[in-house]
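**Q** The structure that follows is given in the form of C-alpha coordinates.
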Amino acid sequence: MAKLSVSHISFLELQEIVDLFGKVSGYDLSGYSKSSLKRRIQRVLDLERMDVVDLKNAITNIESFQTYLMNEVTVNVTEMFRDPQYYAALRNDVLPYLETYPQLKFWSAGCSTGEEVYSLAILLMEMGLYDRSFIYGTDINGSVLETARKAIYPLKKIKSYSENYNASGSHGSLSDYYTAMYEAAIVNAEVRKNILFSQHNLATDYIFNEFQFISCRNVLIYFDMELQNKVFNLFYNSLVEFGFLCLGSKETLLNRDIMSNFKVINKEFNIYQKIK
Amino acid sequence: MSKADEIILIGGSAGSYNLIVAIIESLPSYFIYAIVVIIHRNPKFVTRIEDTLAARLHRPIIQAGDKTNISKNMIYFAVPGYHLLVEPDRTFSLDISEQIQFSRPSIDVLFETAAEIYGKRCSAFLLSGANKDGTDGIRIVQKMGGKAFVQSPEEARMRTMPESAIRANQEINIFTDQEIISYFRDLK
(Lines give C-alpha, C1' and ligand atoms only; values in the text may rest on other atoms or scores of the structure.)
Protein backbone atom coordinates (compact mmCIF):
# COMPACT_ATOMS: atom_id res chain seq x y z
CA MET A 1 0.00 0.00 0.00
CA ALA A 2 3.03 2.24 -0.25
CA LYS A 3 2.37 5.60 -1.86
CA LEU A 4 4.97 7.83 -3.39
CA SER A 5 3.24 11.14 -2.81
CA VAL A 6 2.42 12.55 0.62
CA SER A 7 -1.23 12.41 1.62
CA HIS A 8 -2.76 15.04 3.91
CA ILE A 9 -5.77 14.40 6.08
CA SER A 10 -8.50 17.06 6.42
CA PHE A 11 -10.66 17.73 9.48
CA LEU A 12 -13.60 16.15 7.66
CA GLU A 13 -11.61 12.98 6.99
CA LEU A 14 -10.40 13.02 10.58
CA GLN A 15 -14.02 12.95 11.75
CA GLU A 16 -14.72 9.98 9.45
CA ILE A 17 -11.72 8.14 10.88
CA VAL A 18 -12.81 8.88 14.47
CA ASP A 19 -16.35 7.60 13.72
CA LEU A 20 -15.13 4.46 11.96
CA PHE A 21 -12.48 3.71 14.58
CA GLY A 22 -15.07 4.07 17.35
CA LYS A 23 -17.43 1.67 15.60
CA VAL A 24 -14.99 -1.11 14.79
CA SER A 25 -12.50 -0.93 17.67
CA GLY A 26 -14.37 0.46 20.67
CA TYR A 27 -11.67 3.12 21.16
CA ASP A 28 -13.45 6.46 21.50
CA LEU A 29 -11.38 9.35 20.14
CA SER A 30 -14.33 11.73 19.81
CA GLY A 31 -13.32 13.78 22.87
CA TYR A 32 -9.70 14.28 21.81
CA SER A 33 -8.39 17.74 20.84
CA LYS A 34 -8.87 17.86 17.08
CA SER A 35 -5.69 19.57 15.88
CA SER A 36 -3.43 17.52 18.08
CA LEU A 37 -5.17 14.27 17.06
CA LYS A 38 -4.96 15.25 13.40
CA ARG A 39 -1.19 15.66 13.68
CA ARG A 40 -0.89 12.24 15.34
CA ILE A 41 -2.94 10.55 12.60
CA GLN A 42 -0.96 12.41 9.93
CA ARG A 43 2.21 11.08 11.55
CA VAL A 44 0.92 7.50 11.15
CA LEU A 45 0.05 8.18 7.48
CA ASP A 46 3.58 9.48 6.91
CA LEU A 47 5.25 6.59 8.77
CA GLU A 48 3.21 3.93 7.00
CA ARG A 49 3.08 5.73 3.65
CA MET A 50 -0.69 5.42 3.63
CA ASP A 51 -3.50 7.63 2.43
CA VAL A 52 -6.87 8.01 4.16
CA VAL A 53 -8.44 5.14 2.17
CA ASP A 54 -5.59 2.81 3.18
CA LEU A 55 -6.04 3.90 6.77
CA LYS A 56 -9.77 3.13 6.72
CA ASN A 57 -9.05 -0.28 5.18
CA ALA A 58 -6.45 -1.11 7.80
CA ILE A 59 -8.73 -0.01 10.66
CA THR A 60 -11.57 -2.13 9.35
CA ASN A 61 -9.69 -5.25 8.25
CA ILE A 62 -6.54 -5.62 10.34
CA GLU A 63 -7.36 -6.18 13.98
CA SER A 64 -3.81 -5.66 15.26
CA PHE A 65 -3.71 -2.32 13.43
CA GLN A 66 -6.36 -0.91 15.78
CA THR A 67 -4.11 -1.32 18.82
CA TYR A 68 -1.14 -0.09 16.83
CA LEU A 69 -3.01 3.06 15.77
CA MET A 70 -4.19 3.80 19.29
CA ASN A 71 -0.66 3.37 20.62
CA GLU A 72 0.76 5.67 17.95
CA VAL A 73 -1.92 8.31 18.54
CA THR A 74 -1.15 8.61 22.26
CA VAL A 75 1.81 10.74 23.24
CA ASN A 76 4.36 9.05 25.47
CA VAL A 77 6.84 11.72 26.43
CA THR A 78 7.76 11.44 30.11
CA GLU A 79 10.71 11.76 32.49
CA MET A 80 11.68 10.81 36.02
CA PHE A 81 11.18 13.77 38.36
CA ARG A 82 9.85 15.89 35.49
CA ASP A 83 9.26 19.42 36.88
CA PRO A 84 11.48 18.92 39.95
CA GLN A 85 9.67 21.66 41.86
CA TYR A 86 6.45 19.64 41.60
CA TYR A 87 8.12 16.85 43.58
CA ALA A 88 9.36 19.39 46.11
CA ALA A 89 5.74 20.54 46.48
CA LEU A 90 4.60 16.94 47.06
CA ARG A 91 7.28 16.52 49.70
CA ASN A 92 6.39 19.73 51.51
CA ASP A 93 2.66 20.25 51.03
CA VAL A 94 1.05 16.88 50.28
CA LEU A 95 2.85 13.86 51.73
CA PRO A 96 3.08 15.20 55.32
CA TYR A 97 -0.72 15.34 55.32
CA LEU A 98 -0.97 11.73 54.10
CA GLU A 99 1.25 10.47 56.95
CA THR A 100 -1.88 10.20 59.10
CA TYR A 101 -3.37 7.36 57.01
CA PRO A 102 -2.53 3.74 57.94
CA GLN A 103 -2.82 2.62 54.30
CA LEU A 104 -2.20 4.74 51.23
CA LYS A 105 -3.35 4.21 47.67
CA PHE A 106 -1.93 6.26 44.81
CA TRP A 107 -3.08 6.36 41.19
CA SER A 108 -0.86 7.65 38.42
CA ALA A 109 -3.26 7.99 35.45
CA GLY A 110 -1.67 8.08 32.01
CA CYS A 111 1.65 6.87 33.41
CA SER A 112 3.17 5.99 30.03
CA THR A 113 6.52 4.19 30.43
CA GLY A 114 6.41 4.41 34.23
CA GLU A 115 9.04 7.03 35.08
CA GLU A 116 6.57 9.09 37.10
CA VAL A 117 5.40 6.06 39.08
CA TYR A 118 8.96 5.18 40.06
CA SER A 119 9.69 8.81 40.93
CA LEU A 120 6.69 8.78 43.27
CA ALA A 121 7.82 5.47 44.81
CA ILE A 122 11.28 6.90 45.48
CA LEU A 123 9.79 9.98 47.09
CA LEU A 124 7.56 7.79 49.29
CA MET A 125 10.58 5.70 50.33
CA GLU A 126 12.44 8.84 51.32
CA MET A 127 9.45 10.03 53.35
CA GLY A 128 9.20 6.65 55.11
CA LEU A 129 5.72 6.01 53.67
CA TYR A 130 6.34 3.42 51.00
CA ASP A 131 5.81 0.30 53.16
CA ARG A 132 2.17 1.25 53.67
CA SER A 133 1.64 2.55 50.14
CA PHE A 134 0.46 0.99 46.91
CA ILE A 135 0.71 2.71 43.52
CA TYR A 136 -1.48 1.92 40.53
CA GLY A 137 0.00 3.05 37.22
CA THR A 138 -2.46 3.03 34.34
CA ASP A 139 -2.35 3.94 30.68
CA ILE A 140 -4.50 3.31 27.63
CA ASN A 141 -1.42 2.06 25.78
CA GLY A 142 -0.50 -1.54 26.63
CA SER A 143 2.88 -1.41 24.96
CA VAL A 144 4.23 1.46 27.10
CA LEU A 145 3.04 -0.45 30.18
CA GLU A 146 5.31 -3.33 29.13
CA THR A 147 8.23 -0.92 29.28
CA ALA A 148 6.99 0.38 32.62
CA ARG A 149 6.90 -3.15 34.09
CA LYS A 150 10.42 -3.92 32.88
CA ALA A 151 11.67 -0.72 34.56
CA ILE A 152 14.73 -0.59 32.32
CA TYR A 153 15.74 2.80 30.94
CA PRO A 154 18.64 3.93 28.74
CA LEU A 155 21.58 5.34 30.71
CA LYS A 156 21.66 8.52 28.65
CA LYS A 157 18.15 9.33 29.90
CA ILE A 158 19.14 8.49 33.47
CA LYS A 159 21.65 11.32 33.36
CA SER A 160 18.96 13.95 32.88
CA TYR A 161 16.69 12.15 35.36
CA SER A 162 19.50 12.52 37.93
CA GLU A 163 19.65 16.26 37.29
CA ASN A 164 15.88 16.45 37.82
CA TYR A 165 16.17 14.38 41.01
CA ASN A 166 18.89 16.64 42.41
CA ALA A 167 16.82 19.73 41.59
CA SER A 168 13.80 18.27 43.41
CA GLY A 169 15.44 18.83 46.80
CA SER A 170 16.18 15.19 47.62
CA HIS A 171 19.33 14.66 49.63
CA GLY A 172 20.22 11.22 48.30
CA SER A 173 21.39 10.17 44.89
CA LEU A 174 19.22 8.68 42.16
CA SER A 175 21.86 5.98 41.71
CA ASP A 176 20.79 4.58 45.10
CA TYR A 177 17.63 3.39 43.35
CA TYR A 178 18.85 1.74 40.15
CA THR A 179 21.47 -0.72 38.97
CA ALA A 180 23.37 0.17 35.81
CA MET A 181 24.41 -2.48 33.31
CA TYR A 182 25.99 -1.76 29.93
CA GLU A 183 23.96 1.09 28.39
CA ALA A 184 20.88 0.69 30.59
CA ALA A 185 19.71 0.97 34.17
CA ILE A 186 17.08 -1.14 35.95
CA VAL A 187 15.05 0.29 38.81
CA ASN A 188 15.79 -1.69 41.99
CA ALA A 189 13.31 -4.30 43.27
CA GLU A 190 12.65 -2.40 46.51
CA VAL A 191 11.34 0.52 44.44
CA ARG A 192 9.29 -1.72 42.16
CA LYS A 193 7.62 -3.79 44.86
CA ASN A 194 4.37 -1.93 45.70
CA ILE A 195 3.31 -1.06 42.16
CA LEU A 196 0.77 -2.49 39.74
CA PHE A 197 0.62 -1.41 36.12
CA SER A 198 -2.61 -2.02 34.24
CA GLN A 199 -4.53 -0.77 31.24
CA HIS A 200 -7.22 1.84 31.82
CA ASN A 201 -8.91 4.17 29.33
CA LEU A 202 -9.81 7.50 30.93
CA ALA A 203 -12.28 8.27 28.14
CA THR A 204 -14.40 5.13 28.56
CA ASP A 205 -13.46 3.15 31.71
CA TYR A 206 -14.84 3.62 35.22
CA ILE A 207 -13.74 3.92 38.82
CA PHE A 208 -11.70 0.92 39.97
CA ASN A 209 -10.59 1.87 43.48
CA GLU A 210 -10.52 4.67 46.06
CA PHE A 211 -7.38 6.76 46.43
CA GLN A 212 -5.73 9.28 48.73
CA PHE A 213 -3.76 10.64 45.79
CA ILE A 214 -4.29 10.83 42.04
CA SER A 215 -1.83 12.34 39.60
CA CYS A 216 -2.63 12.85 35.95
CA ARG A 217 -0.07 15.09 34.36
CA ASN A 218 0.02 16.21 30.73
CA VAL A 219 -2.78 13.88 29.70
CA LEU A 220 -5.84 16.13 29.85
CA ILE A 221 -4.34 18.57 27.34
CA TYR A 222 -5.16 15.96 24.67
CA PHE A 223 -8.87 16.05 25.58
CA ASP A 224 -11.53 18.65 24.77
CA MET A 225 -13.36 20.51 27.56
CA GLU A 226 -16.24 18.05 27.69
CA LEU A 227 -14.02 14.99 28.08
CA GLN A 228 -11.79 16.87 30.53
CA ASN A 229 -14.84 17.56 32.72
CA LYS A 230 -15.88 13.91 32.52
CA VAL A 231 -12.41 12.82 33.66
CA PHE A 232 -12.42 15.41 36.46
CA ASN A 233 -15.63 13.78 37.69
CA LEU A 234 -14.03 10.34 37.51
CA PHE A 235 -11.11 11.60 39.62
CA TYR A 236 -13.41 13.35 42.08
CA ASN A 237 -15.39 10.15 42.60
CA SER A 238 -12.19 8.09 42.93
CA LEU A 239 -10.74 10.29 45.69
CA VAL A 240 -11.36 9.85 49.42
CA GLU A 241 -12.45 12.99 51.24
CA PHE A 242 -9.35 15.22 51.64
CA GLY A 243 -7.55 13.24 48.91
CA PHE A 244 -5.22 15.07 46.52
CA LEU A 245 -5.44 15.61 42.76
CA CYS A 246 -2.30 16.63 40.89
CA LEU A 247 -2.48 17.86 37.31
CA GLY A 248 0.16 19.02 34.83
CA SER A 249 1.58 22.51 35.20
CA LYS A 250 -0.64 23.79 32.34
CA GLU A 251 -3.78 21.91 33.36
CA THR A 252 -5.96 23.91 35.71
CA LEU A 253 -9.14 23.09 37.61
CA LEU A 254 -9.91 26.79 38.09
CA ASN A 255 -12.98 27.99 36.16
CA ARG A 256 -14.49 24.48 36.22
CA ASP A 257 -17.74 23.70 38.08
CA ILE A 258 -16.09 20.94 40.07
CA MET A 259 -13.56 23.39 41.55
CA SER A 260 -16.10 24.21 44.30
CA ASN A 261 -15.40 20.72 45.70
CA PHE A 262 -11.64 21.30 45.86
CA LYS A 263 -9.21 23.73 47.37
CA VAL A 264 -5.95 24.86 45.79
CA ILE A 265 -2.84 23.49 47.50
CA ASN A 266 -0.30 24.64 44.93
CA LYS A 267 -1.34 26.97 42.10
CA GLU A 268 1.83 26.70 40.01
CA PHE A 269 1.72 22.90 39.82
CA ASN A 270 -2.06 22.54 39.96
CA ILE A 271 -2.27 20.48 43.14
CA TYR A 272 -5.78 20.35 44.59
CA GLN A 273 -7.40 18.77 47.66
CA LYS A 274 -10.95 17.40 47.70
CA ILE A 275 -12.82 19.18 50.49
CA LYS A 276 -16.42 18.01 50.01
CA MET B 1 -14.04 39.15 25.05
CA SER B 2 -15.08 37.93 21.64
CA LYS B 3 -13.03 35.54 19.56
CA ALA B 4 -10.71 37.04 16.97
CA ASP B 5 -11.56 36.66 13.28
CA GLU B 6 -7.98 37.28 12.28
CA ILE B 7 -4.72 36.07 13.74
CA ILE B 8 -1.13 37.32 13.46
CA LEU B 9 1.69 34.96 14.37
CA ILE B 10 5.24 35.98 15.26
CA GLY B 11 7.90 33.27 15.39
CA GLY B 12 11.45 33.92 16.55
CA SER B 13 14.43 32.24 18.08
CA ALA B 14 17.97 33.32 18.90
CA GLY B 15 18.42 37.05 18.32
CA SER B 16 14.72 37.89 17.98
CA TYR B 17 14.02 39.09 21.51
CA ASN B 18 14.68 42.82 21.05
CA LEU B 19 12.63 43.05 17.88
CA ILE B 20 9.72 41.25 19.52
CA VAL B 21 9.80 43.74 22.39
CA ALA B 22 9.91 46.62 19.89
CA ILE B 23 6.94 45.17 17.99
CA ILE B 24 4.81 44.83 21.11
CA GLU B 25 5.74 48.31 22.30
CA SER B 26 4.64 49.78 18.97
CA LEU B 27 1.16 48.23 18.99
CA PRO B 28 -1.88 50.54 19.18
CA SER B 29 -4.03 50.28 22.29
CA TYR B 30 -6.80 48.48 20.35
CA PHE B 31 -6.68 46.10 17.39
CA ILE B 32 -9.09 43.50 16.07
CA TYR B 33 -6.48 40.74 15.82
CA ALA B 34 -5.20 38.09 18.16
CA ILE B 35 -1.40 38.24 18.19
CA VAL B 36 0.50 35.09 19.11
CA VAL B 37 4.23 35.18 19.84
CA ILE B 38 6.25 31.99 19.80
CA ILE B 39 9.91 31.99 20.75
CA HIS B 40 12.23 29.12 21.61
CA ARG B 41 12.95 29.22 25.33
CA ASN B 42 14.43 26.65 27.65
CA PRO B 43 11.62 25.40 29.92
CA LYS B 44 14.13 24.72 32.70
CA PHE B 45 14.82 28.43 33.14
CA VAL B 46 11.89 30.57 34.10
CA THR B 47 11.63 33.70 32.00
CA ARG B 48 8.87 36.20 32.43
CA ILE B 49 8.95 38.28 29.27
CA GLU B 50 5.15 38.40 29.18
CA ASP B 51 4.83 39.64 32.78
CA THR B 52 7.56 42.25 32.37
CA LEU B 53 6.01 43.62 29.18
CA ALA B 54 2.47 43.52 30.57
CA ALA B 55 3.51 45.55 33.62
CA ARG B 56 5.42 48.07 31.54
CA LEU B 57 2.74 48.51 28.87
CA HIS B 58 -0.29 48.28 31.21
CA ARG B 59 -2.09 45.71 29.06
CA PRO B 60 -2.72 42.00 29.41
CA ILE B 61 -0.04 39.87 27.78
CA ILE B 62 -0.58 36.26 28.75
CA GLN B 63 0.58 32.71 28.13
CA ALA B 64 -1.73 30.87 25.73
CA GLY B 65 -3.61 28.43 27.97
CA ASP B 66 -4.96 25.02 27.01
CA LYS B 67 -8.59 25.18 25.69
CA THR B 68 -8.81 28.96 26.12
CA ASN B 69 -10.42 31.29 23.57
CA ILE B 70 -8.33 33.13 21.01
CA SER B 71 -9.61 36.66 21.59
CA LYS B 72 -9.44 40.02 19.84
CA ASN B 73 -7.03 42.68 21.03
CA MET B 74 -4.96 40.13 22.93
CA ILE B 75 -1.27 39.28 22.89
CA TYR B 76 -0.40 35.66 23.68
CA PHE B 77 2.93 33.94 24.25
CA ALA B 78 3.53 30.24 23.67
CA VAL B 79 4.34 28.35 26.88
CA PRO B 80 7.89 26.95 27.03
CA GLY B 81 8.13 23.15 26.80
CA TYR B 82 4.81 22.56 25.01
CA HIS B 83 3.71 22.74 21.38
CA LEU B 84 0.97 25.33 20.87
CA LEU B 85 -1.85 24.43 18.47
CA VAL B 86 -4.97 26.15 17.18
CA GLU B 87 -8.22 24.15 17.32
CA PRO B 88 -11.14 24.42 14.84
CA ASP B 89 -13.31 26.16 17.47
CA ARG B 90 -10.68 28.95 17.70
CA THR B 91 -9.24 27.90 21.01
CA PHE B 92 -5.64 27.02 21.84
CA SER B 93 -4.49 23.55 22.81
CA LEU B 94 -1.17 22.33 24.17
CA ASP B 95 0.72 19.15 23.37
CA ILE B 96 4.00 17.63 24.56
CA SER B 97 4.59 15.32 21.61
CA GLU B 98 8.07 14.95 20.11
CA GLN B 99 10.18 18.02 19.36
CA ILE B 100 10.06 19.31 15.77
CA GLN B 101 13.30 20.77 14.39
CA PHE B 102 14.73 20.24 17.89
CA SER B 103 12.11 22.61 19.24
CA ARG B 104 9.10 22.49 21.51
CA PRO B 105 7.24 24.77 21.12
CA SER B 106 7.74 24.44 17.38
CA ILE B 107 7.01 27.43 15.15
CA ASP B 108 5.99 25.02 12.36
CA VAL B 109 3.31 23.39 14.53
CA LEU B 110 1.71 26.72 15.51
CA PHE B 111 1.93 28.21 12.01
CA GLU B 112 0.51 25.08 10.33
CA THR B 113 -2.43 24.58 12.69
CA ALA B 114 -3.29 28.32 12.74
CA ALA B 115 -3.09 28.54 8.94
CA GLU B 116 -5.43 25.62 8.53
CA ILE B 117 -8.09 27.20 10.76
CA TYR B 118 -7.75 30.89 9.81
CA GLY B 119 -6.79 30.50 6.12
CA LYS B 120 -6.40 33.90 4.48
CA ARG B 121 -7.11 35.58 7.81
CA CYS B 122 -3.78 34.36 9.11
CA SER B 123 -0.55 36.36 8.80
CA ALA B 124 2.82 35.08 9.96
CA PHE B 125 6.14 36.77 10.69
CA LEU B 126 9.36 34.78 10.94
CA LEU B 127 12.29 36.51 12.63
CA SER B 128 15.91 35.85 13.56
CA GLY B 129 16.95 32.35 14.59
CA ALA B 130 19.68 29.75 14.31
CA ASN B 131 17.66 26.80 12.99
CA LYS B 132 15.10 25.98 10.30
CA ASP B 133 11.94 25.93 12.40
CA GLY B 134 9.22 27.98 10.69
CA THR B 135 10.15 27.22 7.08
CA ASP B 136 7.44 24.55 6.66
CA GLY B 137 4.98 26.63 8.66
CA ILE B 138 5.45 29.66 6.39
CA ARG B 139 4.82 27.43 3.39
CA ILE B 140 1.49 26.22 4.80
CA VAL B 141 0.43 29.77 5.75
CA GLN B 142 0.95 30.83 2.12
CA LYS B 143 -0.69 27.68 0.75
CA MET B 144 -3.82 28.33 2.83
CA GLY B 145 -4.05 31.89 1.46
CA GLY B 146 -2.45 33.75 4.36
CA LYS B 147 0.35 36.32 4.22
CA ALA B 148 3.91 35.50 5.15
CA PHE B 149 6.61 37.97 6.16
CA VAL B 150 10.25 37.29 6.92
CA GLN B 151 12.74 39.54 8.66
CA SER B 152 15.46 40.62 6.25
CA PRO B 153 18.47 38.32 6.83
CA GLU B 154 20.64 41.44 6.50
CA GLU B 155 19.17 42.76 9.74
CA ALA B 156 18.57 39.48 11.56
CA ARG B 157 21.13 38.68 14.26
CA MET B 158 20.90 35.03 13.25
CA ARG B 159 20.11 34.70 9.56
CA THR B 160 19.57 30.92 9.32
CA MET B 161 15.87 30.94 10.12
CA PRO B 162 14.75 33.76 7.79
CA GLU B 163 17.13 32.62 5.05
CA SER B 164 15.84 29.06 5.16
CA ALA B 165 12.25 30.29 4.79
CA ILE B 166 13.17 32.60 1.91
CA ARG B 167 15.02 29.84 0.07
CA ALA B 168 12.12 27.39 0.40
CA ASN B 169 9.23 29.73 -0.33
CA GLN B 170 8.55 31.80 -3.44
CA GLU B 171 7.07 35.30 -3.37
CA ILE B 172 7.63 35.85 0.29
CA ASN B 173 7.61 39.36 1.76
CA ILE B 174 11.03 40.35 3.10
CA PHE B 175 10.73 43.22 5.58
CA THR B 176 13.30 45.38 7.32
CA ASP B 177 12.95 45.80 11.09
CA GLN B 178 11.48 49.27 10.49
CA GLU B 179 8.89 47.91 8.05
CA ILE B 180 7.92 45.20 10.53
CA ILE B 181 7.47 47.72 13.34
CA SER B 182 5.44 50.04 11.07
CA TYR B 183 3.16 47.15 10.12
CA PHE B 184 2.29 46.54 13.77
CA ARG B 185 2.08 50.25 14.65
CA ASP B 186 -0.53 50.72 11.90
CA LEU B 187 -2.76 47.79 12.90
CA LYS B 188 -6.42 48.71 13.34
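The values are calculated or read from the model by the stated rules, or taken from the named source; none is laboratory data. Note that this is a predicted model, so its numbers are computed, not measured. Cβ: placed from backbone, ideal geometry, glycine included. Neighbour counts: every protein chain shown.
**Q** What's the number of the condition residue A:207 fails, among (1) hydrophobic (A, V, I, L, M, F, W, C); (2) away from chain B (no Cβ under 14 Å); (3) in contact with a helix residue (DSSP H, G or I) (Cβ under 9 Å, 6 or more places away or on another chain); (4) closer than 22 Å to residue A:78 by Cβ?
**A** Every listed condition holds for residue A:207 apart from (4).
**Q** Next up: Keeping to the stretch B:16-49, report how many residues are more than 19 Å from residue B:187 (Cβ to Cβ) and part of a helix (DSSP H, G or I).
**A** Qualifying residue count for the region: 3.
**Q** For the stretch B:143-188, how many residues meet the condition of being at pLDDT 95 or above, within 23 Å of residue B:116 (Cβ to Cβ), of a type in the set (S, T, N, Q) and surrounded by 18 or more Cβ atoms within 10 Å (Cβ to Cβ)?
**A** Final tally of qualifying residues: 1.
**Q** I need the full set of residues from the stretch B:153-186 which are part of a loop (DSSP other than H, G, I, E, B) and not β-branched (Val, Ile, Thr), in order please.
**A** B:153, B:154, B:155, B:156, B:157, B:158, B:159, B:169, B:170, B:171, B:186
**Q** Sticking with this structure for a sec: For residue A:276, state whether it is away from chain B (no Cβ under 14 Å) and modelled with pLDDT under 95.
**A** For residue A:276, the condition - away from chain B (no Cβ under 14 Å) and modelled with pLDDT under 95 - is met.
**Q** Would you confirm whether any residue within the stretch A:2-23 is of a type in the set (Ser, Thr, Tyr) and in contact with a Phe, Trp or Tyr (Cβ under 9 Å, 6 or more places away or on another chain)?
**A** For the stretch A:2-23, residues of a type in the set (Ser, Thr, Tyr) and in contact with a Phe, Trp or Tyr (Cβ under 9 Å, 6 or more places away or on another chain): absent.
**Q** Here is a further query. Can you list the strands (runs of 3 or more DSSP E) lying wholly within the stretch B:73-152 that have 2 or more residues being of a type outside the set (S, T, N, Q), more than 14 Å from chain A (Cβ to nearest Cβ) and within 28 Å of residue B:52 (Cβ to Cβ)?
**A** The qualifying strands (runs of 3 or more DSSP E) are B:74-77, B:122-126, B:147-151.
**Q** Moving on. Among residues belonging to the stretch A:235-258 that are in contact with a Ser or Thr (Cβ under 9 Å, 6 or more places away or on another chain) and farther than 20 Å from residue A:33 by Cα, point out the one that is farthest from the other protein chains (Cβ to nearest Cβ).
**A** Per the criteria, the residue is A:244.
**Q** Suppose we filter the stretch B:96-140 for residues that are buried (at least 24 other Cβ atoms within 10 Å of the Cβ), more than 16 Å from residue B:166 (Cβ to Cβ) and of a type in the set (Ser, Thr, Tyr); how many remain?
**A** Qualifying residue count for the region: 3.
Yes/no per residue for (1) farther than 21 Å from residue B:40 by Cβ; (2) touching a strand residue (DSSP E or B) at 6+ places or on another chain (Cβ under 6 Å):
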position: B:64; (1), (2): no, yes
position: B:69; (1), (2): yes, yes
position: B:81; (1), (2): no, no
position: B:96; (1), (2): no, no
position: B:108; (1), (2): no, yes
position: B:112; (1), (2): no, no
position: B:137; (1), (2): no, no
position: B:140; (1), (2): no, no
position: B:143; (1), (2): yes, no
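**Q** Hey, among the residues in the stretch B:48-72 that are among the hydroxyl-bearing types (Ser, Thr, Tyr) and more than 11 Å from every other protein chain (Cβ to nearest Cβ), which one's surrounded by the fewest Cβ atoms within 10 Å (Cβ to Cβ)?
**A** B:52
**Q** Which one is nearest to the chain's Cα centre (by Cα), of the residues in the stretch A:220-234 that are within 20 Å of residue A:141 (Cα to Cα) and facing chain B (nearest Cβ under 10 Å)?
**A** A:220
**Q** Next question. So which helices (runs of 4 or more DSSP H) stay within the stretch A:23-116 end to end and still have 1 or more residues that are buried (at least 18 other Cβ atoms within 10 Å of the Cβ), hydroxyl-bearing (Ser, Thr, Tyr) and in contact (Cβ under 8 Å) with a residue 40 or more places away in the chain?
**A** A:34-48, A:84-89
**Q** Restricting to the stretch A:22-79, and then to whatever is within 14 Å of chain B (Cβ to nearest Cβ) and among the hydrophobic types (A, V, I, L, M, F, W, C), can you tell me which residue is farthest from residue A:12 (Cα to Cα)?
**A** Top of the filtered list is A:77.
**Q** Let me ask something else about it. Considering only residues of the stretch B:24-47 that are more than 14 Å from every other protein chain (Cβ to nearest Cβ) and of a type in the set (Phe, Trp, Tyr), which is surrounded by the fewest Cβ atoms within 10 Å (Cβ to Cβ)?
**A** Per the stated criteria, the residue is B:30.
**Q** Condition check: within 18 Å of the chain's Cα centre (by Cα), modelled with pLDDT of 95 or more and under 26 Å from residue A:30 (Cβ atoms). Does residue A:119 satisfy that?
**A** So residue A:119 does not fit the description; no.
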